[in-house]
1. Would you point out which residue out of B:ASP72, B:ASP46, B:ASP41 is within 14 Å of another protein chain (Cβ to nearest Cβ) and closer than 21 Å to B:THR110 by Cα?
2. Would you check which residues across the range A:196-234 are out of contact with any Gly (no Cβ under 6 Å at 6 or more places or on another chain), without any contact (Cβ under 8 Å) to a residue 24 or more places away in the chain and in a helix (DSSP H, G or I) and list them?
3. Mind counting the residues in the range A:197-252 that are of a type in the set (Gly, Ala, Ser) and within 12 Å of chain C (Cβ to nearest Cβ)?
4. Which one is nearest to C:LYS235 (Cα to Cα), of the residues in the range B:145-201 that are among the small types (Gly, Ala, Ser) and assigned to a helix (DSSP H, G or I)?
5. Scanning the range B:93-123 for residues that are in a loop (DSSP other than H, G, I, E, B), at pLDDT 85 or above and among the small types (Gly, Ala, Ser), which turns out nearest to B:GLU205 (Cα to Cα)?
6. Could you list all residues from the range C:56-103 that are in contact with a Leu (Cβ under 6 Å, 6 or more places away or on another chain), of a type in the set (Gly, Ala, Ser) and more than 12 Å from chain A (Cβ to nearest Cβ)?
7. Can you tell me how many residues within the range C:19-55 are more than 28 Å from C:THR138 (Cβ to Cβ) and within 14 Å of chain B (Cβ to nearest Cβ)?
8. Examine the range B:218-234 for a residue that is in a loop (DSSP other than H, G, I, E, B) and touching a helix residue (DSSP H, G or I) at 6+ places or on another chain (Cβ under 9 Å), and state whether such a residue exists.
Amino acid sequence: MSECLQTIHDYALRSIGIGERLLPRDGFTLCEQVTLIGSGMIWNVYFGVMALFTGFFLATALAVAKGSANPWARKPAEWFIFVFRGSPLFIQFFFAYFLFLSLKNVNSFFDPFTAAWLGALIVLFFNTAAYSGEIFYGALRSIPKGDIEAADAYGMSGWSRFRRIIWPTMLRLAWPAYTNEAIFLFHATTLVFFSGFPAWQQRGDALYYASYFADKTFNPFVPYPILAGYFILFTLAIVGTFGLINKRLNRHLPSENRSKIGLRFNPIR
Amino acid sequence: MKSLIMGTAALALAAGMAFAQGQTIRMGTEGAYPPYNFINDAGEVDGFERELGDELCKRAELTCEWVKNDWDSIIPNLVSGNYDTIMAGMSITDERDQVIDFTQNYFPPTASAYVAASDGVDVLNGVVAAQTATIQAGHVAESGATLVEFATPEETIAAVRNGEADAVLADYDFLVPLVEESSGELMFVGEPVPLGGGIGMGLRESDGELRDRFDAIITEMKADGSLNTMLKKWFGEDTTTY
Amino acid sequence: MFSYCSDPDTLGTFRWFSCYLTTGVHMSFYVAFLKVLLLLAITAPVALGFGFLGAMAARARFAPLRWFGKTYIAIVRGVPDIAFFLFFVIALDQAFEYMRHKVLCPDWDQPIRQGSDFVVCTAAKLPLSTAPQWMHETYGFLLAVVTFAIVFGAFAANVLFGGMRAVPRAQLETAEAYGMSQRQTFWRILVPQMWVYALPGLSNLWMVLIKATPLLFLLGIEDIVYWARELGGTKTSRFTDYPHGDWRMWYFLFLLIFYLAFTRVSEIVLERLMQKLTHGQATSGGEAQRRAAA
């Protein structure tokens, strides 16, 4: 037990470079596997939370732009969403890394972009913005006409009508699908080091450490289920958090309407 | 010497009775590590190990079928019985030996080497690229250099070319053709690092007979010089031979 | 391929490419496109079947079956597909061989797990080790289909479960009022109507499935991304007649175009399907169609 505490002390923050410099190399214990894979989850959570948070704002803008009558706003938004939704994340990472490398030669401002913490985050940010943008766009189109008419009747217009009526209703309608998008994005963070960006000094995400152990012990049946366990826990946490927000978004509605909301929309992306 | 070889051959024959003549043996390889194994223009597995493996099978009177498998899962698939041998430029290491069996090496212990884009790179303190989860990656992590890991060997070389890494540590024979054809852009730097106990054929621990049989044939090929001929063909006249 | 290809070094650019793009490896690359399309074509209905069973289990009255259905959905949806693929295929393969072993070789006295080895009798091997290579490949392909179907079946189950719940309660009550049994109500009223509610989710799932195909290589299938990497990587003249630098960029660009085109075609087809399903349904879309026709 105390050995395990020592392991936790040495490796719990290994993925961000704090603790032992070298990874364990033989006699791998279950404790080491659980600790290091858990340590890698720091990166998955970082990518997931940051991309989702920043992507949310771009997604709103994209949804409004795609719904706009002005082709100068609509066309770019449509293409952006199409390209990012239509291609595998795999390929997006490849091109982004390539692009950032070339930019780096032009200006040293781009130096940090080839590192996963920024470069991969940008790709995930664009990716989730495109998916969420499409979800929000669908929700925008489904806002009951009556709601908007009511807003007009109250003399609201422009920004205040959007902020107080359209936007909250859009979120409410989009929320179940958006929850699924959050889960998918969280799962997609495992691709960052797997195929996209290099891992520096063996600081990687949960999948990086899981495959490290699978490679050293030649037994995939221990590290990957540990990884799966972590992801199930975090997915449940996402579902719980988003459920609470959903309750808040729907708190003004009579209770029997609540369960039906969003069923017309894409429950998953 | 000769009688000894005859002896082992006879032993192998006796031990190998369970494997009937002409039985099919599936040979697992990666197909992405020239000159050991790679995919040729016709889309077939080719390389030093293909030629050696075919010869081994011929002498053992077995039919061999080549199977490609991803490097990461190459050992789990062997122990799970999806193919019977691994010939994939796999160095004999203690940790691998605990899980699978190896024949004696058919390629002498090799040096890994550093390649950089300019002279005078400090490979012990600089940024060194290596393929994820290889013995080279492990070595760099211990050497004190800053390790940067890429999923494929291709990307590690690209990293040196575009300046992401100061140097790459990889198998010497993998690097030679790349350096030769880079027209001076890439060069060997630092001291070569001996890693691993040579390259051997990996088999399941429960397949003792088959292992002994191949082992005996490798001994035979080392003795009659045919292995050296192949080594020279694929790795050049200067390569270490038996 | 062409007669002039015997000495590629001497050829002009156009002819060089005509030879280069028709080498055996490139043929494997083109075949991989067919493989991916075939896999999608088989996986989609199988996953839908898994999803349907999962959804039925999740709303079953028999509690253990319901728990099973819900656990299946929750667990498989909670795990990133990539993590699942990395160990599941081997497990599945071993499970099949284990079952065959128990049936075919009852007299076998050695342990199946010997250290890290998994040893079953020769007759239980799947496929038999004497089988030709194409059977091994087909078997690997089938394993991939099953794995994909299990993963995407969980998502489909979730969507169908939602679709079943979305069918207006009044429709089911009406059926009961007409004297239909539980079973009749389910098959004649609920199932035909749920599709329109489930289709947006299912189309999304299809899009995700398309984009999961690069993971096929983890399952032992040589898919298009594998070949693009293999072909695009630097080739030195010692090992090929067609040496070139790092061309992965161009191969990936080609894949990008392929995926975008495939997505676009899928979008158009699914839109048409939605129009068709909406016809005659008690939804605002169906109402709009009815009015437009009237």
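1. Details: B:ASP72 fails: closer than 21 Å to B:THR110 by Cα; B:ASP41 fails: closer than 21 Å to B:THR110 by Cα.
On inspection, the qualifying residue turns out to be B:ASP46.
2. Residues satisfying the conditions are A:SER211, A:ALA214, A:ASP215, A:TYR224, A:PRO225, A:ALA228, A:GLY229, A:LEU233.
3. Of the range A:197-252, the ones of a type in the set (Gly, Ala, Ser) are A:199, A:204, A:206, A:210-211, A:214, A:228-229, A:237, A:240, A:243.
Adding the requirement that they be within 12 Å of chain C (Cβ to nearest Cβ) leaves A:206, A:210-211, A:214, A:228-229, A:237.
Count: 7.
4. Step by step, filter the range B:145-201, then rank; the result is B:ALA158.
5. Here the answer is B:ALA117.
6. Hit for the range C:56-103 is C:ALA57, nothing else.
7. Initially, the range C:19-55 is screened for residues more than 28 Å from C:THR138 (Cβ to Cβ), giving C:19-20, C:55.
If we keep only those that are within 14 Å of chain B (Cβ to nearest Cβ) too, we end up with C:19-20.
Qualifying residue count, the range C:19-55: 2.
8. Checking the range B:218-234: not a single residue is in a loop (DSSP other than H, G, I, E, B) and touching a helix residue (DSSP H, G or I) at 6+ places or on another chain (Cβ under 9 Å).
The values are calculated or read from the model by the stated rules, or taken from the named source; none is laboratory data. A quick note: this is a predicted structure, and the numbers were derived from the prediction, not measured. Virtual Cβ from ideal backbone geometry, glycine too; neighbours counted across all protein chains shown.
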